[in-house]
């Protein structure tokens, strides 16, 4: 009896929620006709029980499927970097090549002692960051392997524009050995390779607190950085004010150096970005004009269809020819 | 007037297929030249001072030697 009334009242609730007033009425009428001996007390008990079951099932469902399951704790996730208004990330803006030049200087003088930039050749720097004379002079500072000579020996030659930027370590094992077991990642594609891109790297470089907050667990040989996933990062803070003397006499504050090097690393990851955006602008303009034209042509061609008037002219009854 | 202009245009260009094809190709070529240079001008104006060609003069030493 209870079960039947439960069923009925839940159905009534469900149908009332659906807003189908007629179904509610029908359920009410069928219940009154089905069992005529429902006392008010029983009806109340049934309503309370049905409500309990409904609310309980919703609570159980939410308990099971509702909350988001996080694989990592917030500390393991790392602090999410705030969004900065990078000008070079706007749709129709190029990189600021003066900033790229400063950023390359920061990379060369600071980052390059541990981090490689192995996918960038000197020739890519020509015409974007350096003049070809500067790039040639820079390339010649390093030695590269030659092709095997007649005796099969590999000699050294000075670098040329086609060579790639030299790595600080011969291989990953050497890099790990020199850095307390931590591998400094290659920076060629780092902006693409990290969630948050420019914002993350800028926040990481500038986000080292003076000392770790109370209660934070910092492992041996690690430094605390809230933006790094896990908060323990092997790289110490490197960018201090006045570390680099900019040739264009920009004040070398920590955030200025971080901003410049981040923009440079974004260029290293996406050297085609300027051309891509320029082509994108051309494509957008042409396609929007073509779209507008196609809309106009459609309306022109359909104008007579849309504006015609169809009139039924009934035959006059008197002089029908049939 | 318009009919005279359009009929002369028709007789000159679109009457024979090869002239029309030539007109289309030549028109596409000239439009592309014009459009590309115009958009590049707009682009350079929008990015004045940011591109390498704007700051190159500060760093290049021998103008005739540079490419």
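The values are calculated or read from the model by the stated rules, or taken from the named source; none is laboratory data. Predicted model only: the values in this text are computed from it and were never measured. Every residue, glycine among them, receives a Cβ derived from its backbone with ideal geometry; neighbour counts consider all protein chains shown.
Here residue A:267 fulfils each of the conditions (1) at pLDDT below 95; (2) surrounded by 10 or more Cβ atoms within 10 Å (Cβ to Cβ) apart from (1). Restricted to the range A:50-86, and to residues that are out of contact with any helix residue (DSSP H, G or I) (no Cβ under 9 Å at 6 or more places or on another chain) and closer than 30 Å to residue A:273 by Cβ, which residue is surrounded by the fewest Cβ atoms within 10 Å (Cβ to Cβ)? Step by step, filter the range A:50-86, then rank; the result is A:85. If you scan the range A:118-134, which residues turn out to be crowded, with 19+ Cβ neighbours inside 10 Å, within 11 Å of chain B (Cβ to nearest Cβ) and in a helix (DSSP H, G or I)? Selection gives A:125 alone.
Any residue at all in the range A:127-148 that's in contact (Cβ under 8 Å) with a residue 12 or more places away in the chain and under 29 Å from the mean Cα position of the chain (by Cα)? There is at least one residue in the range A:127-148 that is in contact (Cβ under 8 Å) with a residue 12 or more places away in the chain and under 29 Å from the mean Cα position of the chain (by Cα).
Of all residues in the range A:87-117, count the ones that are within 23 Å of residue A:236 (Cα to Cα) and surrounded by 14 or more Cβ atoms within 10 Å (Cβ to Cβ).
14
Reported count of residues in the range A:258-298, each being within 13 Å of chain B (Cβ to nearest Cβ), part of a helix (DSSP H, G or I) and within 21 Å of the chain's Cα centre (by Cα), is 7. Of the residues contained in the range B:28-44, none is found to be surrounded by 14 or more Cβ atoms within 10 Å (Cβ to Cβ), more than 23 Å from residue A:287 (Cβ to Cβ) and within 7 Å of chain A (Cβ to nearest Cβ).
Is one or more of the residues making up the range A:151-158 crowded, with 19+ Cβ neighbours inside 10 Å and either touching a helix residue (DSSP H, G or I) at 6+ places or on another chain (Cβ under 7 Å) or within 11 Å of chain B (Cβ to nearest Cβ) (or both)? Scanning the range A:151-158 turns up no residue that is crowded, with 19+ Cβ neighbours inside 10 Å and either touching a helix residue (DSSP H, G or I) at 6+ places or on another chain (Cβ under 7 Å) or within 11 Å of chain B (Cβ to nearest Cβ) (or both).
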